[in-house]
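As structure tokens, the structure follows; a few thoughts come after it.
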Amino acid sequence: MTAIGPSLMCADMSRLKEEVISLDKAGVDYFHLDIMDGHFVPNFTLGPDVIHQIRKLTDKPFDIHLMVQDPGRYIELFKSAGADMISIHAEADPHLQKTLQLIRSSGLKAGVALNPSTPIDQIEYVLDVVDYITIMTVNPGFAGQKFIPMMYRKIKQIAELVQKEGYQIQIQVDGNIGYDTIPGVLENGADMLVCGTSSLFKSNISREEAMQQLSVFIDGLKEGSA
């Protein structure tokens with residue numbers, strides 16, 4: 001099954017409540033929320049207070065992507081705000097295994113994220129405490145960047161590593177995930193799509209229409225490969 005998660009950093013912040021409600025009704029599988037501290041990436045985004053406010057609007061899982069230094073300090077804070085899943089960057093935590101275990105012991109799904117240039121061997125020894133892997137297909141920090149073609153190979157290599165080691169780990173892709181890139185990421189092993197301006201957040205159609213078109217497109221790819 002391919003799971004679709006809208007990236008709320010791409011939403012219209014002046015009407016965030018309406019955005020969440022319409023996406024929930026449209027049938028998204030989860031919501032992806034980027035948290036940036038201005039240090040790990042040169043930008044700032046949503047905080048726990050905003051997440052707490054929109055948590056009441058939907059029962060869909062909240063996937064919190066911590067693009068912050070020393071993420072272990074914030075696990076309890078974002079759990080309290082409404083997180084169901086938290087991913088942390090391998091590059092941002094010298095005690096990666098410990099923090100992933102903390103996420104799991106808090107009753108949440110634990111994810112590890114990799115920047116485009118980060119080698120796969122950085123996560124080889126934490127796979128036993130990981131529920132999903134987030135592969136950044138652009139350099140993190142800002143929406144609207146171009147997909148890095150080498151990431152198709154990286155997705156495939158991670159999928160092969162997970163299969164070889166025998167773990168049940170989902171593979172999430174994040175960055176310019178649209179109609180041009182979705183066929184390739186799915187073919188190479190991705191099963192969670194973080195969708196933003198390239199697919200869901202369109203100015204000329206409603207969120208419901210965008211989700212319907214995207215679902216039809218993905219179903220067509222599956223039928224074509226069957």
Residues of segment 60-76 being surrounded by fewer than 22 Cβ atoms within 10 Å (Cβ to Cβ) and either without any contact (Cβ under 8 Å) to a residue 24 or more places away in the chain or within 18 Å of Met192 (Cα to Cα) (or both), in sequence order, are Lys60, Pro61, Asp70, Arg73
Filter segment 25-48 for residues that are part of a loop (DSSP other than H, G, I, E, B), of a type outside the set (S, T, N, Q) and crowded, with 17+ Cβ neighbours inside 10 Å; the one that is nearest to the chain's Cα centre (by Cα) is Tyr30
For segment 198-226, pairs from a residue that is polar (S, T, N, Q) to a residue that is at pLDDT below 90 and loosely packed, with under 12 Cβ neighbours inside 10 Å, with Cβ under 9 Å and 6 or more apart or across chains, are Ser198/Gly144
In segment 136-176, anything in a strand (DSSP E or B) and within 16 Å of Ser198 (Cβ to Cβ) is listed as Met136, Gln172, Val173, Asp174
Verdict on Val28 being closer than 19 Å to Ser206 by Cα and touching a strand residue (DSSP E or B) at 6+ places or on another chain (Cβ under 6 Å):
yes
Could you tell me whether any residue of segment 15-33 is of a type outside the set (Phe, Trp, Tyr) and closer than 14 Å to Ala81 by Cβ?
yes
Picking from Ser22, Ser87, the residue that is surrounded by 19 or more Cβ atoms within 10 Å (Cβ to Cβ) and either under 20 Å from Gln168 (Cα atoms) or of a type in the set (S, T, N, Q) (or both) would be Ser87
Flag for Thr197 being under 17 Å from the mean Cα position of the chain (by Cα), closer than 26 Å to Ser22 by Cα and of a type outside the set (Gly, Ala, Ser)
yes
Considering segment 147-197, residues that are free of Cβ contacts under 8 Å to residues at least 60 places away in the same chain, out of contact with any Ser or Thr (no Cβ under 6 Å at 6 or more places or on another chain) and of a type in the set (S, T, N, Q), and then whichever is nearest to Ser7 (Cα to Cα), we arrive at Thr181
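For Ile51, are the conditions met, namely being buried (at least 16 other Cβ atoms within 10 Å of the Cβ), closer than 25 Å to Leu127 by Cα and not acidic (Asp, Glu)?
Working: buried (at least 16 other Cβ atoms within 10 Å of the Cβ): yes; closer than 25 Å to Leu127 by Cα: no; not acidic (Asp, Glu): yes.
Taking the combined requirement at face value, the residue does not satisfy it.
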TODO: Look at Lys109 and say whether it is within 18 Å of the chain's Cα centre (by Cα), basic (Lys, Arg), within 22 Å of Ile4 (Cα to Cα) and at pLDDT 95 or above.
DONE: yes
Note on segment 84-132: residues within 30 Å of Thr58 (Cα to Cα), touching a Pro at 6+ places or on another chain (Cβ under 8 Å) and in a loop (DSSP other than H, G, I, E, B) are Asp84, Asn115
With criteria (1) at pLDDT 95 or above; (2) of a type outside the set (Ser, Thr, Tyr); (3) more than 17 Å from the chain's Cα centre (by Cα), Ile158 comes up short on (3)
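The values are calculated or read from the model by the stated rules, or taken from the named source; none is laboratory data. Since the structure is predicted, the reported quantities are computational estimates derived from the model, not experimental observations. Note that each Cβ is placed from the backbone with ideal geometry, even for glycine, and that neighbours are counted across all protein chains shown.
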